[in-house]
Structures are given as C-alpha cells and as structure tokens.
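Taking it in order: structure first as structure tokens, then the write-up.
The values are calculated or read from the model by the stated rules, or taken from the named source; none is laboratory data. Given the structure is predicted, the values throughout are model-derived calculations rather than measurements. Heads up, the Cβs are rebuilt from the backbone with ideal geometry, glycines too, and the neighbour counts pull from every protein chain shown. To get the accessible areas, we keep the full protein, side chains included, count just its heavy atoms, and leave off ligands, DNA and RNA. Shrake-Rupley method; radii C 1.70, N 1.55, O 1.52, S 1.80 Å.
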Amino acid sequence: MTTGAQTPYPAARPRRSRLRTFLPLGAAAWLVLEIWLLTMVAGASNGLVILLLLVAGLVLGSVVVKRAGRRAFRNLTETLQQQQGGTAPESRPNSEGNGLMMLGGLLLIIPGFVSDVLGLVLLVPPVQRAVSQYAERTFERKLREAAQGSLGDAFRQARIHRPDGKVVQGEVVRDEPGHTSGDTPQGPRPPLTR
C-alpha cells in the first residue's frame, strides 16, 4: 500500500560517465600488467633484482616528492612575503611543474615497472610543459562549456536531474505588515515552518 501518487513513467536512470565506466577496467588492466611484468622480470633474473628495483623506485620517488614539496613551499613562502611587503609577486620560471613532479614521484613510489616508467617520463621538463599545457587547455575548455549559465543554474540543474525527482522549485516570500524591504525586523524572526 502506498500513500503517495505514483509517477506515470519510471524515472530514467542518469547516464553513466565514461570515466566511471572505464576507470575500474583501466585500473584492473594496469594491475594485471604490473604483476605480469614483475613475474617476467623475476623469471629473467632473480627475486633480489626485483626487490632492489622496487626499493630504488621507492627511494627515488620519495626524494622527488620531498624536493618538489620543499620547492612548492618555498615558492609559496616567497610569494606571501612579497604580497605582505606590498610588491606584486614575480613569476618564476621553475615554479610550474611542482604538481607534476609530485605525481611523478608518487608513480615512482608505487611498486611496478609501468608506474616507474610513467613517473620517470613525468620528471622530464619538456614532458611536464606539454602535459601542463594540455591540462590547462582542457580545464579552460571545460570552464567555457560550464560558464554558459551561472553557478546557481548549475546547482539548480544538478538538483533537477536527481533520479528521485523530489525537487520542488520555488521561492519563499514573506509579506509581513509594518515592514518594508529596507527595514530590519526588531524582534526575533519567526520560524520557517509557518
């Protein structure tokens, strides 16, 4: 027995994004590839070589992450000091790429050869510039696509397209005698449940 009115059509399921579809498959394929490569290299050499390579990746990755973190913190400190001194912060040629260096270091820390190769490639400055420019262009394109409406419109659209469909759009208008739009109420405000 139901007490509410039934909708004539079942609510349409929201379309699943490509990222949510392919990310688990990609992660599983990456994991299988890493394990397969580790077993192939272990078969060609011995377990000690694999252990030394994994430890070297861990040590190198932690050094890279620590260095990038220190450089980012130093750049932030210098920028804040310049702003407090009243001067405009100057652009530094080496200030970009800290995030990609940290990502490369994290990929080096993750055990496996594919992640190590990707981490080492991300440490090369021309690759960092290319990846940074690509990410910036993609981000700007997404912002331009999203900027067609206001932020409130985006929230409203997100609420409208919920699968349960229980959103009622409206506006609360309180018309109390003795108050104009510029007056502030003298007493406590009444509860919103009236």
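Structure notes:
- Residue satisfying all of: in the stretch 81-98; under 28 Å from Leu122 (Cα atoms) and either over 22 Å from the mean Cα position of the chain (by Cα) or modelled with pLDDT of 85 or more (or both); least open to solvent (accessible area, probe 1.4 Å) among these: Arg92
- Restricting the stretch 27-72 to residues that are exposed (fewer than 11 other Cβ atoms within 10 Å of the Cβ) and within 24 Å of the chain's Cα centre (by Cα), the residue that is farthest from Asp116 (Cα to Cα): Ala28
- Verdict on Asp153 being of a type in the set (Asp, Glu), within 30 Å of Arg15 (Cα to Cα), at pLDDT below 80 and open to solvent by less than 80 Å² (accessible area, probe 1.4 Å): yes
- Residues being modelled with pLDDT of 90 or more, touching a helix residue (DSSP H, G or I) at 6+ places or on another chain (Cβ under 9 Å) and among the hydrophobic types (A, V, I, L, M, F, W, C) are entirely absent from the stretch 70-78.
- Condition broken by Glu145, with the remaining ones in (1) of a type in the set (D, E, K, R); (2) loosely packed, with under 10 Cβ neighbours inside 10 Å; (3) at pLDDT below 65 satisfied: (3)
- Residue-level check: of (1) modelled with pLDDT of 65 or more; (2) of a type outside the set (Val, Ile, Thr); (3) open to solvent by less than 100 Å² (accessible area, probe 1.4 Å); (4) over 30 Å from Asn75 (Cα atoms), Pro188 misses just (3).
- Selected residue [in a helix (DSSP H, G or I) and at pLDDT below 55] from Arg159, Arg194: Arg159
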